[in-house]
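Notes for the one structure printed next.
The values are calculated or read from the model by the stated rules, or taken from the named source; none is laboratory data. Computed from a predicted model, the values in this text were never measured in an experiment. As a convention, Cβ positions derive from the backbone with ideal geometry for all residues, glycine included, and neighbour counts pool all protein chains shown.
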Amino acid sequence: MSDVIGDLKSVDFITRNPNNPILTDKDVPYEAKLIFNAGVTKYNGKYVMVFRNDFFEEEDTKSRHYTNLGLAYSDDGVKWNVEDKPCWRINTDEIRRVYDPRLTVMDGKCYMCFAVDTNHGVRGGIATTEDFDKFDILSMSAPDNRNMVLFPEKVNGDYFRLERPFPVYSRGQDRFDIWSSSSPDLKYWGNTKFVMGVEHVPFANDKIGPAAPPIKTDKGWLTTFHAVDIDQNRGKNGWEAAWKKRYTAGIMLLDLNEPWKVIGMCNDPLIAPEAPYEADGGFRNDVIFPGGMILEDSGEVKIYYGAADTVEALVTADVADLLNACKPVDWATENIC
Ligand code: BMA
């Protein structure tokens, strides 16, 4: 892994939606500041978005910080109507916040993976909902794990998820990778396998993790991931005092029957921060974080992503171009069972 990654550009076959950013705090009829990292799916004939809303006690972003999840609906996946109140917030003495929702529809039900900051570590949860008002939690992981995404159907009789544990103690620094687990019932998870390491991604030098839930194609499971590089020279970058990281989006292809096996990957970032709402004036500049991916019947793929931890944006691409960009990899994941 090289120390400094340098300039990165998006591939030339994605198109940023002309309405970008497609959702900001101005669209939200309650207290809101940073609208980002949404999960998006199609459910009961509509596009549904559950977005993360971070807001602050005072104007100053160093003041007390709150997070809730907001809900929006759309007929076309581009213009969104936000419901008049947040749909979910857990705030107890132990649980500080729930964030980064990811939506998957399976057998007519909507499932939502989410991250939870607790006093005893970060956990990944899975809930189910029919109306986005009542959420039943099915499982919560041990710390430290998050960025879970569900595959939209069972594979060989089991549910599958991608996930990103973050083993700080054993690896000594950020060096986090993508893993998968399976479950007979969405509650008990095991059969954990290594999928891809940060060293396999030429545009990462810090950590990687899942992004939007995978979509099924006849060539394999097509899925985005997030890739992080650090450059100590970045200094102040965004509203934070110092933000040295950059988040880009990658794309890879997983084997249909053994979804922990990477069969293709694009060696360049799919989306790198370039537009002003991605690279300038945000809370944390240079952050692209996909959370929703929808394959339309026309072959168009909509990829929704949080930009600069401040707004929600959309790019589109043709599924054939995305598949074509995933070249066979010259490494193999190694699992002992
Ligand atoms: C990660 C998470 C994401 C966020 C990203 C960039 O650690 O907190 O929610 O988008 O950092 O700040």
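Could you please find all residues in region 92-105 being farther than 30 Å from PRO18 by Cβ and either under 22 Å from the mean Cα position of the chain (by Cα) or in contact (Cβ under 8 Å) with a residue 24 or more places away in the chain (or both)? Working first, answer last.
Here is the first cut: in region 92-105, the residues farther than 30 Å from PRO18 by Cβ are 92-98.
Matches in region 92-105: ASP93, GLU94, ILE95, ARG96, ARG97, VAL98.
From the set of residues in region 1-52 that are more than 25 Å from THR67 (Cα to Cα) and among the charged types (D, E, K, R), which is surrounded by the most Cβ atoms within 10 Å (Cβ to Cβ)? For region 1-52, the residue satisfying everything is ARG16. In the condition set (1) within 26 Å of VAL40 (Cβ to Cβ); (2) in contact (Cβ under 8 Å) with a residue 12 or more places away in the chain, VAL198 is compliant with all but (1). Annotation: ASN156 fulfils all but one of (1) away from the ligand (no atom under 15 Å from the Cβ); (2) on the phi > 0 side of the Ramachandran plot; (3) free of Cβ contacts under 8 Å to residues at least 40 places away in the same chain; the unmet one is (3). Listed by first and then second residue, the pairs linking a residue in region 296-307 that is within 13 Å of ARG102 (Cβ to Cβ) to a residue that is among the charged types (D, E, K, R) and within 16 Å of the ligand (Cβ to nearest atom), with Cβ atoms under 8 Å apart and 6 or more places separating them unless they lie on different chains, are TYR304/GLU312; TYR305/GLU312; GLY306/ARG52; GLY306/GLU312.
Within region 328-337, is there a residue that is within 16 Å of the ligand (Cβ to nearest atom) and either buried (at least 17 other Cβ atoms within 10 Å of the Cβ) or among the hydrophobic types (A, V, I, L, M, F, W, C) (or both)?
Filtering region 328-337 for residues within 16 Å of the ligand (Cβ to nearest atom) gives none.
No, the conditions are met nowhere in region 328-337.
Within region 275-302, the only residue that satisfies the criterion of being in a loop (DSSP other than H, G, I, E, B), within 16 Å of the ligand (Cβ to nearest atom) and of a type in the set (A, V, I, L, M, F, W, C) is PHE283.
Taking the criterion of being surrounded by fewer than 17 Cβ atoms within 10 Å (Cβ to Cβ), part of a loop (DSSP other than H, G, I, E, B) and at pLDDT 95 or above, the residues of region 61-93 that qualify are ASP75, ASP76, VAL78, LYS79, GLU83, ASP84, LYS85.
Examine region 268-275 for a residue that is of a type in the set (A, V, I, L, M) and more than 17 Å from PHE289 (Cα to Cα), and state whether such a residue exists. Lay out the reasoning, then the answer.
As a first pass, look at region 268-275 and keep what is of a type in the set (A, V, I, L, M): 270-272, 275.
Within this subset, residues satisfying the condition of being more than 17 Å from PHE289 (Cα to Cα) are none.
Looking through region 268-275, none of the residues is of a type in the set (A, V, I, L, M) and more than 17 Å from PHE289 (Cα to Cα).
Checking each residue in region 155-188 for being among the polar types (S, T, N, Q) and at pLDDT below 95 picks out SER170, GLN173. State whether the residues of region 303-313 include one that is over 17 Å from ASN19 (Cα atoms), away from the ligand (no atom under 15 Å from the Cβ) and not hydrophobic (A, V, I, L, M, F, W, C). No, because not a single residue in region 303-313 is over 17 Å from ASN19 (Cα atoms), away from the ligand (no atom under 15 Å from the Cβ) and not hydrophobic (A, V, I, L, M, F, W, C). Here GLU312 fulfils each of the conditions (1) crowded, with 24+ Cβ neighbours inside 10 Å; (2) acidic (Asp, Glu); (3) farther than 24 Å from SER74 by Cβ apart from (3). Among the residues making up region 251-274, those that are farther than 18 Å from LYS216 by Cβ and either in a loop (DSSP other than H, G, I, E, B) or away from the ligand (no atom under 15 Å from the Cβ) (or both) are CYS266, ASN267, ASP268, PRO269, LEU270, ALA272, PRO273, GLU274. When only residues in region 139-153 that are in contact (Cβ under 8 Å) with a residue 40 or more places away in the chain and either buried (at least 21 other Cβ atoms within 10 Å of the Cβ) or within 16 Å of the ligand (Cβ to nearest atom) (or both) count, which is farthest from LYS216 (Cα to Cα)? It comes out as SER141. Tell me, yes or no, whether region 37-60 has at least one residue that is touching a Lys or Arg at 6+ places or on another chain (Cβ under 8 Å), within 16 Å of the ligand (Cβ to nearest atom) and at positive phi. Scanning region 37-60 turns up at least one residue that is touching a Lys or Arg at 6+ places or on another chain (Cβ under 8 Å), within 16 Å of the ligand (Cβ to nearest atom) and at positive phi.
Condition check for ILE215 on (1) over 16 Å from ALA317 (Cβ atoms); (2) under 15 Å from the mean Cα position of the chain (by Cα): one failure, at (1).
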